[in-house]
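Right, one structure below, let's go through it.
The values are calculated or read from the model by the stated rules, or taken from the named source; none is laboratory data. If you're wondering where the values come from, they're calculated on a predicted model, not measured in any experiment. Backbone-built Cβ (ideal geometry, glycine too); neighbour counts: all protein chains shown. Just the protein is used for accessible areas: all its heavy atoms, side chains included, with ligands, DNA and RNA removed. Shrake-Rupley method; radii C 1.70, N 1.55, O 1.52, S 1.80 Å.
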Amino acid sequence: MSIDNLRSALPEWAKDLSLNLSTLSRSSSLTEQQQWGTFVAAAAATRNESVLVQVMEDARSHLSEEAVSAALGAASIMAMNNVAYRTRHFLGSAYDNERMGLRMNIIGTSGGVEKVDFELWSLAVSTINGCEKCVTAHEATVRGEGLSTEQVWEAVRIAATLTGVAQAISVVETLD
């Protein structure tokens, strides 16, 4: 019911977001774990409490606790990595050989889920955070692991829609 709660909280001027949210939560070219893990990771990346709480309510019936933890881990590690890698890119080639020097163990273990799923969730979060290098690196990995362009684009659509929903919900909460 929580996706429905988000939809009902959206004002008329955000009707397109409501329709997109409905479509993306019902049918998918992704596996159930990929779809709902993307919802969780993207919801966390929006940094909107209401969106995360409502998405988590639905996601828990579709994901194991391990998958929920991995999706939240992807959101957290990408929050750090997207800042570091985006800044390295901004600063130019003088920083290309600098060690990142940040712990990223969860990436190596994929948080206990399939590598392709963790990488897809990382791609969705990197999309929200606007890190071109991370988006392209994670896209290459998931495509190499067998995901289609349709599946990658669906994760991007989930990330984009939840970002719009988070903004609209923030506006409504601020103006109420």
Note to self: Looking for something open to solvent by 20 Å² or more (accessible area, probe 1.4 Å), at pLDDT 95 or above and farther than 23 Å from V165 by Cα - is there at least one such residue anywhere in segment 49-60?
What the structure shows: no
Check: Within the set of pairs 6 or more residues apart or between chains, which connect a residue that is at pLDDT below 95 inside segment 73-92 to a residue that is hydroxyl-bearing (S, T, Y) with Cβ atoms less than 8 Å apart?
Finding: R88/Y95
Check: Has segment 70-88 got any residue that is aliphatic (A, V, I, L, M), more than 17 Å from the chain's Cα centre (by Cα), open to solvent by 50 Å² or more (accessible area, probe 1.4 Å) and under 19 Å from A155 (Cβ atoms)?
Finding: no
Checklist line | Residue selected from segment 1-30 under the condition surrounded by fewer than 17 Cβ atoms within 10 Å (Cβ to Cβ) and among the basic types (K, R), by the criterion modelled with the highest pLDDT | finding: K15
Item checked: Pair list, Cβ under 8 Å, 6 or more apart: segment 3-16 residue in a helix (DSSP H, G or I), other residue open to solvent by 70 Å² or more (accessible area, probe 1.4 Å) -> N5/E57
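If you check A124 against the conditions, is it surrounded by 15 or more Cβ atoms within 10 Å (Cβ to Cβ), under 11 Å from the mean Cα position of the chain (by Cα) and of a type outside the set (D, E, K, R)? Break it down stepwise before answering.
Values: surrounded by 15 or more Cβ atoms within 10 Å (Cβ to Cβ): yes; under 11 Å from the mean Cα position of the chain (by Cα): yes; of a type outside the set (D, E, K, R): yes.
Judged against the criteria, A124 is a match.
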